[in-house]
Amino acid sequence: MLKELNEVNKNNKILRADSPHFTRYGKVLEDCDFSDMFPISIEAMDLSGPTYLRDIEALHKCESFQYLKDSVFGEIDLQSGICFGKNDKMNGMEYHKSSEVIIAVTDMVLILGDIRDMKNNSWDSSLAECFLIPKNTAIELYGGTLHLAPCRVSEEPFCSIIVLPEGTNSPLLSSVSKKDPLLFMNNKWLICHRDSPAVTRGGYIGISGENIQIETI
């Protein structure tokens with residue numbers, strides 16, 4: 001699949017998740033089988049509705065969720081939801097001040113960057129790196145890794161499980177965002193390409209360059 005994706009994405013080289021390039025952003029989690037979460041996630045998908053469900057209580061009962069809580073996040077309270085749909089563009093980049101675990105229920109591509117490359121709340125999309133995350137792969141993204149929704153690799157929708165500290169991506173309850181233009185939701189800092197739909201919802205335009213698009217196979 002990687003070869004076929006690179007043949008149609010000549011301007012955006014797509015790398016393997018086990019590439020040395022990925023270690024700047026996170027790591028592959030290989031010590032647990034996360035497939036017990038898949039049936040719940042697939043059942044919760046609704047392509048006519050939201051593309052991100054922040055927390056699905058049924059996922060908390062899975063053994064692999066407990067593994068993440070104990071062994072990856074250090075016994076803090078977590079939420080586990082899904083992100084799904086037919087996205088194929090970068091549009092923006094967010095970061096958290098905590099790790100995030102993403103589990104690929106289907107094959108998908110992640111567009112990643114590093115907060116350390118931001119200058120004056122701005123980031124050039126030419127610095128992005130793209131990675132194929134195969135189905136059944138779980139990754140931990142380190143805090144400060146720029147990312148947003150995965151991209152599909154075919155005409156079929158992608159589906160991913162998203163595990164984060166409890167409260168992440170919930171609405172802000174204070175006016176602190178007025179002092180920090182990038183703070184978009186709880187534990188979510190966001191910069192947008194000018195073409196991003198999030199700009200109409202107050203997203204800060206902080207990405208220059210191409211709005212990267214992943215061509216499907």
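Brief remarks follow.
- Scoring D77 on the criteria (1) of a type in the set (D, E, K, R); (2) surrounded by 15 or more Cβ atoms within 10 Å (Cβ to Cβ); (3) over 19 Å from W189 (Cβ atoms); (4) touching a residue at least 24 places away in the same chain (Cβ under 8 Å) leaves a single failure, condition (2).
- Flag for E140 being surrounded by 18 or more Cβ atoms within 10 Å (Cβ to Cβ) and of a type in the set (D, E, K, R): yes
- Test: residue in the stretch 171-187 that is loosely packed, with under 14 Cβ neighbours inside 10 Å, in contact (Cβ under 8 Å) with a residue 60 or more places away in the chain and closer than 29 Å to T23 by Cα: no
- Test set (1) within 19 Å of the chain's Cα centre (by Cα); (2) assigned to a loop (DSSP other than H, G, I, E, B) - L59 fails condition number: (2)
- Residue count for the stretch 28-56 under the criterion of being of a type outside the set (D, E, K, R), part of a loop (DSSP other than H, G, I, E, B) and without any contact (Cβ under 8 Å) to a residue 24 or more places away in the chain: the result is 3.
- Residue selected from the stretch 170-217 under the condition of a type in the set (A, V, I, L, M), touching a strand residue (DSSP E or B) at 6+ places or on another chain (Cβ under 7 Å) and in a loop (DSSP other than H, G, I, E, B), by the criterion modelled with the lowest pLDDT: L172
- Filter result for L132 (over 24 Å from V199 (Cβ atoms), in contact with a Leu (Cβ under 7 Å, 6 or more places away or on another chain), surrounded by 21 or more Cβ atoms within 10 Å (Cβ to Cβ) and modelled with pLDDT of 95 or more): yes
- Selection status of D114, surrounded by 15 or more Cβ atoms within 10 Å (Cβ to Cβ) and more than 20 Å from M185 (Cβ to Cβ): yes
- Every condition in (1) free of Cβ contacts under 8 Å to residues at least 60 places away in the same chain; (2) touching a strand residue (DSSP E or B) at 6+ places or on another chain (Cβ under 8 Å) is met by Y25 except one, and the failing one is (1).
- Exactly one residue out of E30, E43 is exposed (fewer than 13 other Cβ atoms within 10 Å of the Cβ) and within 21 Å of T145 (Cα to Cα), and it is E30.
- Every residue from the stretch 3-19 that is surrounded by fewer than 17 Cβ atoms within 10 Å (Cβ to Cβ), touching a strand residue (DSSP E or B) at 6+ places or on another chain (Cβ under 9 Å), of a type outside the set (S, T, Y) and in contact (Cβ under 8 Å) with a residue 60 or more places away in the chain: K13, R16
- Selected residue [at pLDDT below 95 and either aliphatic (A, V, I, L, M) or under 20 Å from N169 (Cα atoms) (or both)] from G92, G81, G49, G85: G49
The values are calculated or read from the model by the stated rules, or taken from the named source; none is laboratory data. Note that this is a predicted model, so its numbers are computed, not measured. In this analysis, Cβ positions are derived from the backbone assuming ideal geometry, glycine residues included, and neighbour counts consider all displayed protein chains.
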